[in-house]
1. Any chance you could run the full-extension gain for residue 258 through residue 138? It's 0.36 nm times the residue separation minus the Cα-Cα distance, nm to one decimal.
2. Tilt of helix 214-230 relative to the longest C-alpha principal axis of the chain, in degrees (0 to 90, nearest 10)?
3. Are there GluC sites (Glu not before Pro) in segment 83-122 that DSSP puts in a loop and that have at most 14 other Cβ atoms within 10 Å, and which ones?
4. If you line up the Cα atoms of segment 190-282 on their principal axes, what length do they span on each, largest first, in Å?
5. Once the Cα atoms of helix 62-78 and of the chain are each reduced to a long axis, what angle between those two axes, in degrees from 0 to 90 to the nearest 10, is obtained?
6. For residue 258, which lysines qualify as cross-link partners when the Cα separation must be under 24 Å and same-chain residues fewer than eight apart are set aside?
7. On full extension of the chain, what length is gained from residue 16 through residue 129, given 0.36 nm per residue of separation minus the C-alpha to C-alpha distance?
8. For the chain, what is the charge dipole size about the Cα centre, in debye to the nearest 20, if Lys and Arg each add +1 at the Cβ and Asp and Glu each add -1 at the Cβ?
Amino acid sequence: MPDEPGVEEGVRDTAARFRRLIRTHGPIPVSQFMGESNARYYAARDPLGEAGDFTTAPEISQMFGELVGLWLADLWMRAGKPERAHYVELGPGRGTLAKDALRAMRQVGLAPEVHLVEGSPALRAVQAQAVPEAHFHDDPASVPEDAPLLLVANEFLDALPVRQLVRSGPGWRERMVGLDGEAFVFVAGDRPMDSAVPPERRDAPEGTIIETSPAAAASMQEIARRLAAQGGAALLIDYGYDAPRTGSTLQAVKRHEKIGVFAHPGDSDLTAHVDFAALRDVAHAHGARWDGTTAQGWWLRALGIDARAAALARSAPDRDEEIRAAHRRLTDPKEMGALFKVMAIASPDWPEGAGFG
């Protein structure tokens with residue numbers, strides 16, 4: 001839906017803008033509310049770290065990025081060490097993961113060209129400091145197609161807009177955002193959406209919510225197509241689920257605390273859990289091989305994080321407790337170890353990645 005005439009682009013008060021849109025045009029889809037909120041949120045800030053709103057795995061410890069880099073390097077070596085390769089990262093945060101992964105790759109002789117897919121000018125500036133050799137892209141479509149891809153997406157898919165369908169009395173409708181006075185509220189749209197619901201779910205109880213992410217599916221389609229054509233492999237790491245489920249997973253985070261999704265649109269991070277089962281099907285349909293989806297903690301242990309943590313602690317005994325705490329946060333099922341999943345897909349003619357199966 002276009003902006004109203006006279007509303008300046010980049011208006012800071014996103015909530016006021018949404019209210020004007022809803023009063024003029026009626027309720028807006030959840031996907032639009034989430035997408036436009038996050039576009040404004042990320043455009044002008046670095047949201048990471050203790051001073052920001054959330055912390056990602058690469059910021060917790062260098063061990064995370066190093067193991068990602070070694071996983072990719074191991075595949076590259078077993079694929080015959082192609083002369084050229086492209087390291088591609090979607091939503092690279094501060095560039096910390098890329099910096100750590102590339103350092104680990106270079107230790108075994110892999111020095112890929114670096115391509116960072118980032119739309120935020122504020123984050124691009126930070127990434128350029130961390131990875132000066134990087135080439136920047138607004139989307140994966142402009143990444144070169146002349147060499148295998150070594151692709152990583154860590155906490156990228158969860159911020160892409162989700163579409164929600166709700167089972168109402170008359171049938172399935174799109175879940176929208178409307179107004180009750182000045183307050184944002186969820187409402188059911190007026191157009192029948194039964195045809196968009198799988199037959200086995202159409203008779204679900206009233207109030208049931210189904211969540212999909214067309215944007216995540218489109219990203220996976222492009223990744224899978226590229227891997228099938230160019231060779232290479234991809235790691236997708238995010239919080240989510242790997243079996244069909246219902247219910248809304250939309251949430252907002254500000255200053256490391258969960259808040260109401262309508263509390264600060266444009267000034268909080270809106271995310272939703274990733275449906276890895278759906279993405280697996282998309283990858284298959286577009287020519288990539290799915291190597292598995294597993295819990296982050298299990299995968300990191302399979303790659304040797306226990307030994308790496310012990311080695312770091314021996315080399316820096318004054319940081320022993322810090323290293324132990326980071327290891328626990330990344331791997332413990334009660335922290336990031338179980339909720340976060342790691343999914344691997346690859347070109348059909350590349351070897352299978354370690355840590356799956």
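The values are calculated or read from the model by the stated rules, or taken from the named source; none is laboratory data. Since this is a predicted model, take the numbers as computed values, not measurements. Glycine also receives a Cβ, built like all others from the backbone with ideal geometry; neighbour counts cover every protein chain displayed. These accessible areas exclude ligands, DNA and RNA; they are computed on the full protein's heavy atoms, side chains included. Shrake-Rupley method; radii C 1.70, N 1.55, O 1.52, S 1.80 Å.
1. On the way: separation 120, 0.36 × 120 = 43.20 nm, distance 2.90 nm.
That pair, residue 258 and residue 138, stretches by 40.3 nm at full extension.
2. The answer is roughly 30 degrees.
3. Working: sites: 83, 89, 113, 118; in loops: 83, 118.
Qualifying residues, ordered by number: 83.
4. 43, 40, 24
5. Long axis of 62-78 versus the principal axis of the chain: about 70 degrees.
6. Straight-line reach from residue 258, under 24 Å: 334, 341.
7. Details: separation 113, 0.36 × 113 = 40.68 nm, distance 3.53 nm.
Full-extension gain reported as 37.2 nm.
8. On the way: 39 positive and 51 negative charges, 81 e Å.
So the dipole magnitude of the chain works out to roughly 380 debye.
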